[in-house]
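Colleague: This is the structure I have questions about; it appears just below.
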Amino acid sequence: MEARERLDREYEQLREQQVDPARRGPTPAQWQSLADRYRNALRDRPDVDTTRGLARALWRLSMALHAAGDPAGALGPGRQAVAEFDAAFRKTLGWNADEQSPAVDAVLAELLVARCDLAEAAAAAGKPGERIRILEDAREAGRSIAAGPRSLRALGTVHHNLSVAEMSRLVDGFRRGGTDVDPMVPALSASRAVEIRLKALTPADPLSMWELANTYIQYLRCLGLVKEPARAVEVAKLAADLVALLPQGTIADLHPQLAEAVGMLRIAYPAHARALGRALEDARPRRGWRRRRI
């Protein structure tokens, strides 16, 4: 077995351990060791698969450090991971005539997800400006080619997270006495996330439904800021249709977030309070009711 294949096998073992809630996840030291060995292998064989393996190990190291309560420490390996993923993406793209080939789609999706995770670490480390820059770079990378199915899904997350970050910047500016940020900025990012997640929606995949519902709720928050209550009523109905299909009383239950967003809109726009309230009721399936289909 080649050195890289052994490293890839170890990566999969550590990854499975990390995502299994019944097991203790790998330590940052284990991911660091794997990254070092990938880097050594890359010196001997500088191919795209080894570059991608190094990127994955660094990405997991960054996530492990963030999860361990060290977001500042996660930034270094997270930035390195993004650089290696970017190199792997450009090499893969250069070798494929079809931008939507599975190979290009897979590595672009990994690049976008790694950027999203790095942005969250930057936010937790108290670097909101870097958070937005990372997500803006991810947005541009995702728009550089015609995205395949995996990268399209990841691009939806990029736009959703960018809207959240832009709204946070806007609210922080208000708290400090004023801001020059246009409220339409987070609204446009949320609107684009809705468009992308509608394209990626698969009724057989509950996660894609949850993602779209979550973005509808973020869009509702934005519509309150840009003073579009009529549009908010329409979006609230769409959000309610999806939320009603999700399991209640679990971590996937988005009803509390929907209720909070609608509640704020009802206070801000009393003329639309009744219509918004009806939309919220549609998110609560009752005994004897049939849940709406999408």
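Colleague: Specify the angular offset, from 0 to 90 degrees and rounded to the nearest 10, of the alpha carbon long axis of helix 102-124 from the longest principal axis of the alpha carbons in the chain.
Modeller: Orientation of helix 102-124: about 70 degrees from the principal axis.
Colleague: Still on this model: Comparing PRO26, PRO203, PRO71, which has the greatest mean-square fluctuation in the GNM of the chain with Cα pairs linked when under 10 Å apart?
Modeller: Its mean-square fluctuation being the largest, the pick is PRO203.
Colleague: Run through region 16-118 and list the GluC sites (Glu not before Pro) located in a DSSP loop whose Cβ has at most 15 other Cβ atoms within 10 Å.
Modeller: GLU99
Colleague: Sticking with this one: Check the straight Cα-Cα distances from LYS227 and name the aspartates and glutamates below 14 Å, setting aside those fewer than 8 residues away within the same chain.
Modeller: ASP182
Colleague: Multiply the residue gap between ARG176 and ASP44 by 0.36 nm, knock off their C-alpha separation, and tell me the result in nm, one decimal place.
Modeller: Gain on stretching ARG176 to ASP44: 42.2 nm.
Colleague: Going by how many other beta carbons lie within 10 Å of each one, how would you line up PHE85, PHE174, fewest first? Working shown, then result.
Modeller: Numbers: PHE85 27, PHE174 12.
Fewest to most other Cβ atoms nearby, the residues stand as PHE174, PHE85.
Colleague: Based on the Cβ-Cβ distance of ILE145 and LEU201, what FRET efficiency does E = 1/(1 + (r/R0)^6) give at R0 = 22 Å, to the nearest 0.05?
Modeller: Computed FRET efficiency for ILE145 and LEU201: 0.55.
Colleague: If you filter region 142-243 for trypsin sites (Lys or Arg not before Pro), then keep DSSP loop positions with at most 12 other Cβ within 10 Å, what is left?
Modeller: ARG176, LYS227
Colleague: Could I get the Rg over Rh figure for the chain? Both from C-alpha atoms, Rh via Kirkwood, rounded to two places. All intermediate terms of the calculation are to be shown ahead of the outcome.
Modeller: Numbers: Rg = 21.1 Å, Rh = 20.7 Å.
Rounded to two decimals, Rg over Rh is 1.02.
Colleague: What do you get for the angle between helix 28-44 and the principal long axis of the chain? Use alpha-carbon atoms, 0 to 90 degrees, nearest ten.
Modeller: Value to nearest ten degrees: 50.
Colleague: On a 0 to 90° scale, report how tilted helix 3-19 is relative to the longest principal axis of the chain, with both axes built from alpha carbons and the result rounded to the nearest 10.
Modeller: Compared with the principal axis, the helix lies near 30 degrees.
Colleague: If the viscosity is 1.306 mPa s and the temperature 10 °C, what translational diffusion coefficient in µm²/s does Stokes-Einstein give for region 125-246 when Rh comes from Kirkwood over Cα pairs?
Modeller: 106
Colleague: If you take the beta carbon distance between SER101 and ALA124 as r and set R0 to 30 Å, what does 1/(1 + (r/R0)^6) give as a FRET efficiency, to the nearest 0.05?
Modeller: Plugging the Cβ-Cβ distance into 1/(1 + (r/R0)^6) gives 0.30.
Colleague: Most exposed first by the Cβ proxy, i.e. fewest other Cβ within 10 Å, how do THR215, THR202, THR250, THR50 rank?
Modeller: Lowest count first: THR250, THR202, THR50, THR215.
Colleague: To continue, here is another question. How large is the Rg to Rh ratio of region 163-204 when both quantities use alpha carbon positions and Rh follows Kirkwood? Kindly include the intermediate steps, with their values, before the conclusion.
Modeller: Numbers: Rg = 13.7 Å, Rh = 11.5 Å.
Computed over Cα atoms, the ratio is 1.20.
The numbers here are math on the coordinates, done by the rules we state, and not lab data. Please read all numbers here as calculations on a predicted model, not as lab measurements. Cβ sites come from the backbone with ideal geometry, for glycine too, and all protein chains shown count toward neighbours.
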